[in-house]
Amino acid sequence: MSLIQALNWRYATKKMNGKAVSQDKVDQIIKAAHLAPTSSGLQPFKIIVVTNPDLKAKIADLAYGQQQVIDCSHLLIFAAWNQYTEKNIREVFAYANAERGLPSTATADYENTLISSLTAKTAEDNYHHAAKQAYIGFGMAIAEAALLQIDATPMEGFDAGKLDELLNLKALNLRSAVMLTLGYRDENGDWLVNLKKVRSPLTEFVVEY
């Protein structure tokens, strides 16, 4: 299956059947997000994986009762860095340089420029920049899930502040950005499953100069 075929197959599943997704497929979906490009290679987000039924039920309450949170096999929460600091930026480059066999000073000038630029911004600006990077990984995860024919429902409809409190994300310098449920569609119970996929006309979507 090509990516285009997979994306035509997928849809925002409204009802899942509770069937478990195998761990190897979940790992592949997470790996796709892990390999996503990010600004300056900082990877300023983490993926929180929730399978505990009691915790999923609590999260569903914060997601306005969306049943997919309960019925899904795995709930992925994409949480972005709350703030850029000199410490977390230098840690990224220290690890990369070590993995590449480069001296720790190899990227010093670039690090200094990046630190000066990012730490001068407000925490809110930092979070929004990091969240944009999280969404790149989020898109990669959705695409990989589609290729594996795993249903995935993107979710922004939740109380992020209360979710952050529930998961104690502040202690990890994180804020929740978006969620993704993984599972299998309920063919008989999902009103959206057989409806035609509709997007705006391609001729209107693309602007050429």
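With respect to residue 124, determine if the residue is within 13 Å of the chain's Cα centre (by Cα) and without any contact (Cβ under 8 Å) to a residue 60 or more places away in the chain. Criteria not met by residue 124.
Taking each residue of the range 72-91 that is farther than 13 Å from residue 52 by Cα and touching a residue at least 24 places away in the same chain (Cβ under 8 Å) and looking for partners that are in a loop (DSSP other than H, G, I, E, B) and basic (Lys, Arg) with beta-carbon atoms closer than 8 Å, six or more apart or interchain, yields 84/121. Return the residues of the range 161-209 that are loosely packed, with under 10 Cβ neighbours inside 10 Å and on the phi > 0 side of the Ramachandran plot; say none if nothing qualifies. The answer is 168, and nothing else.
Could you list, in sequence order, the residues of the range 42-65 that are of a type in the set (Val, Ile, Thr) and free of Cβ contacts under 8 Å to residues at least 40 places away in the same chain?
Taking the range 42-65 as the starting set, the residues that turn out to be of a type in the set (Val, Ile, Thr) are 47-51, 59.
Those that are of a type in the set (Val, Ile, Thr) and free of Cβ contacts under 8 Å to residues at least 40 places away in the same chain: 49, 50, 51.
Here 133, 149 are screened, and the one residue that is among the polar types (S, T, N, Q), surrounded by 12 or more Cβ atoms within 10 Å (Cβ to Cβ) and assigned to a loop (DSSP other than H, G, I, E, B) is 149. Pairs meeting the criteria (first residue in the range 30-41 and more than 20 Å from residue 84 (Cα to Cα) and among the β-branched types (Val, Ile, Thr), second residue at pLDDT 95 or above and part of a helix (DSSP H, G or I), beta carbons under 9 Å, at least 6 apart or on different chains) are 30/141; 30/144.
Here is a yes/no grid of residues against (1) over 26 Å from residue 24 (Cα atoms); (2) assigned to a loop (DSSP other than H, G, I, E, B):
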site	(1), (2)
176	no, no
179	no, no
187	no, yes
198	yes, yes
203	yes, no
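The values are calculated or read from the model by the stated rules, or taken from the named source; none is laboratory data. This one's a predicted model, so the numbers in the text were calculated from it and none came from an experiment. We place every Cβ from the backbone using ideal geometry, glycine too, and count neighbours over all the protein chains shown.
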